[in-house]
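J.: First the structure, then my questions, so here it is.
A short reminder: the numbers here are calculations on the coordinates, not readings from a lab. Nothing here was measured: the structure is a model prediction, and the numbers come from that model. Counting neighbours? That spans all protein chains shown, and the Cβs are built from the backbone with ideal geometry, glycine included.
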C-alpha cells in the first residue's frame, strides 16, 4: 500500500559542503565560514524549495591530528557556534526548520532548555535540538576532562539531561499567561511549576523563566544507534539521523526503533527516520560523475586519510595509500555510535586499499551515497520511502551552494511529479511540517486526569 504522507527533506550544512575538498570548488565562497550572508543564502534556497529544515552539525572543539592535513581542511577549524547562528537565521527566515547540535556532555540542562525555548519563540516555532553525547576526544579537553567520558556514562548523563530539559520546558502551561492589566496579574501562579529535580548528575530547581514555546517544546533529533541510543530515541526523539549503508539494514533499523515506541506511550508516526545521504546529481549520470571526479581529484591524500581515520577511529599515520587497511588497528569498541562503527568495520573489510577506501568514502560515505541523474536519485528515494526504510532524508550535499542548487533544480521537480514531496508548507511550525503531534504539558495532563 502506497504511503499517504510525503518525504521529509533537510539540508545538512557543513559550511562549504559535505566533501572535504568542497572549499576548493570554484563556486564556493572561500570566506563563507565567517560570512552570515553565505549561510543565509543556503537557508533562503532551502526555504524557497520548501525543504523541512537546515541541519547545523557541531563539535565544541577544533579537530586534532595531523597539522598539515588540518591546515587543508577547514570544516572543524573555523565555524560559527550553532545556537548563535540559529538565532540570526530565526529572524531572517519564515518557514524553514532550524536544527542545531548541542552536546549533553558539555552543557547544563537549564542553559539548553532556556536557549532553545528562546529560539523557538524567536522563530515562531521552528527550532530543533539534535541531542548528542559527543564522540571525539578533542571535545573533552576543553571541558575539564582528559578526552571523552566512557560511552555508558555519557548516555546515562545524556538520558537524565534530556529528562530535566523536558521537565523545564513544562514549567509554564500553555495558558499560564493571563496578561490581565485590570487585575494586575501577569500569570496564573497555579500554572507555573517548579521542577525540583535531584538526580545522579543534576540538581535543578527551576522553573524555566520563559513561557511555553510555540511548539510546546522544540523538536528533538538524535543519531544514536546503540541499544541505549535506540531506546533514548524511542522514548524522546522525533527525528532520527541514521547512516545505514543499505536499504535492508536501514529497514531493520526503522522497524527496531519504531517498534519500541508504544512501550513509552508514543505513536510511531511521531518519529521520522531520516538517513543522511550523499547526493551527487547532474542532468545525466556522466555529468554527475564529472562533478565527483573534480572533488576527488582535488582531495589531498593527507586530508583523505584524516577524513577516513576520524570516522573509523583509527590512526592511519604512515599507512601507504596502496596498502590494505590495517585491521589490527581497529579498536575493540567505538567511542561513539555502535551502529555507525559496525557499518565502518564492514566497509573496511572489503579488501580495498586505503586509497581506494578514501575515494569510495569521499563519494558515497560508507555506501549510503548515490551519484546519478534526477531520475536515478528519485528512484533511490522513492524505494527507501515506500518500503519504509526511511521517512525522508538528510541531504549531505558535497558542495554548497552548488549541490543544493542542483538538487533543487534537478531532483525536486521529479519528486513532485511523482507526488512524493510537498508544493507548499503544511503549517508555520516545524512540528506541523513534519507531521508531528503537539506535546502535552505534564501538569495539564495530570489536571485533566484528576478531573475525569
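J.: Take every DSSP beta bridge with both residues inside the stretch 8-451 and express the antiparallel ones as a percent of the total, to the nearest 5.
T.: Of the beta bridges lying entirely in the stretch 8-451, close to 20 percent run antiparallel.
J.: Between residue 203 and residue 252, what FRET efficiency follows from the Cβ-Cβ distance if R0 is 41 Å, with the result rounded to 0.05?
T.: Given R0 = 41 Å and the Cβ-Cβ separation, E is 0.55.
J.: For a footprinting-style exposure proxy, rank 284, 429, 11 by other Cβ within 10 Å, fewest first.
T.: By the 10 Å Cβ count, ascending: 284, 429, 11.
J.: What ranking of 371, 190, 15 emerges when the number of other C-beta atoms within 10 Å of each C-beta is taken as an exposure proxy, fewest first?
T.: With the sparsest Cβ surroundings first, the list reads 190, 371, 15.
J.: Let me ask you something else. Would you list the P(r) distribution for the chain, with all Cα-Cα distances sorted into 10 Å bins from 0 and each bin expressed as a whole %?
T.: Whole-percent P(r) values from 0 Å outward: 4, 20, 32, 27, 12, 4, 1, 0.
J.: Additional query: Going by average Cβ density within 10 Å per residue, which order do the peptides 171-182, 267-278, 317-328 take, highest to lowest?
T.: Numbers: 171-182: 14.7, 267-278: 20.7, 317-328: 12.7.
My ranking of the peptides, most packed first, is 267-278, 171-182, 317-328.
J.: Same structure, new question: Beta carbons within 10 angstrom, averaged per residue: use that to sort the peptides 42-48, 205-211, 395-401, highest first.
T.: 395-401, 42-48, 205-211
J.: Something else: When 186, 361, 107 are ordered from fewest to most other Cβ atoms inside 10 Å of their Cβ, what list results?
T.: With the sparsest Cβ surroundings first, the list reads 186, 107, 361.
J.: Mind checking the angle between helix 227-236 and the chain's longest principal axis? C-alpha axes, 0 to 90 degrees, to the nearest 10.
T.: 40
J.: Using Cα atoms only, what is the angle between the long axis of helix 151-169 and the major principal axis of the chain, expressed in degrees (0 to 90) to the nearest 10?
T.: Computed tilt is about 40 degrees.
J.: Taking the 0 to 90 degree range and rounding to the nearest ten, how far is the long axis of helix 301-312 tilted relative to the main principal axis of the chain, both from C-alpha atoms?
T.: 40
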